[in-house]
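The values are calculated or read from the model by the stated rules, or taken from the named source; none is laboratory data. Please read all numbers here as calculations on a predicted model, not as lab measurements. Backbone-built Cβ (ideal geometry, glycine too); neighbour counts: all protein chains shown.
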Amino acid sequence: MNRMKAVFATRRSLAVLITVNIVLMGAAFLFAHLSYDALSHTIVLRYDAAEGVDLFGARSSVWGIWALGLAMMAVNGILAYEFFYRERFLSYLLMAANVLLSLIVIIVLGMLFGMN
């Protein structure tokens, strides 16, 4: 009976991490969608304090950054699912990395919209 409770508790914690990831990536999408029209057609993608602007790009690059974060999140999620019954710690680590990745995507998009 205790083993069943432990399995349900671990699944519940993974479900919480998955929900947090989905909410954060949804917030990143909403942030990008609402701020997208304010961008000019050419945006600054990289800025160095010593040299100034290094890289320009199209404003559609914003969606590429979001899609890359989503793809990395999907790969981590698939790996976490595959490792769940063999290496639970690795599964938790991958899902926690997804939360960090989602936060990094939001920060990068915020910096990108802030620079432009």
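If you check E82 against the conditions, is it among the acidic types (D, E), out of contact with any strand residue (DSSP E or B) (no Cβ under 7 Å at 6 or more places or on another chain) and either modelled with pLDDT under 85 or under 30 Å from N116 (Cβ atoms) (or both)? The answer is no for E82. Looking only at residues in the range 80-92 that are surrounded by 15 or more Cβ atoms within 10 Å (Cβ to Cβ), hydrophobic (A, V, I, L, M, F, W, C) and part of a helix (DSSP H, G or I), the one that is nearest to the chain's Cα centre (by Cα) is A80.
Criterion first (more than 19 Å from A32 (Cβ to Cβ) and over 15 Å from the mean Cα position of the chain (by Cα)) does V53 satisfy it? When the stated conditions are applied, V53 passes them. Can you confirm whether S35 is touching a residue at least 24 places away in the same chain (Cβ under 8 Å), among the hydroxyl-bearing types (S, T, Y) and within 14 Å of G110 (Cα to Cα)? So S35 fits the description; yes. Which of the residues belonging to the range 14-60 are at pLDDT 80 or above, among the hydroxyl-bearing types (S, T, Y) and surrounded by 11 or more Cβ atoms within 10 Å (Cβ to Cβ)? Passing the criteria: S35, Y36, S60. Would you say L45 is touching a residue at least 24 places away in the same chain (Cβ under 8 Å), more than 24 Å from V20 (Cβ to Cβ) and outside any helix (DSSP H, G or I)? Yes.
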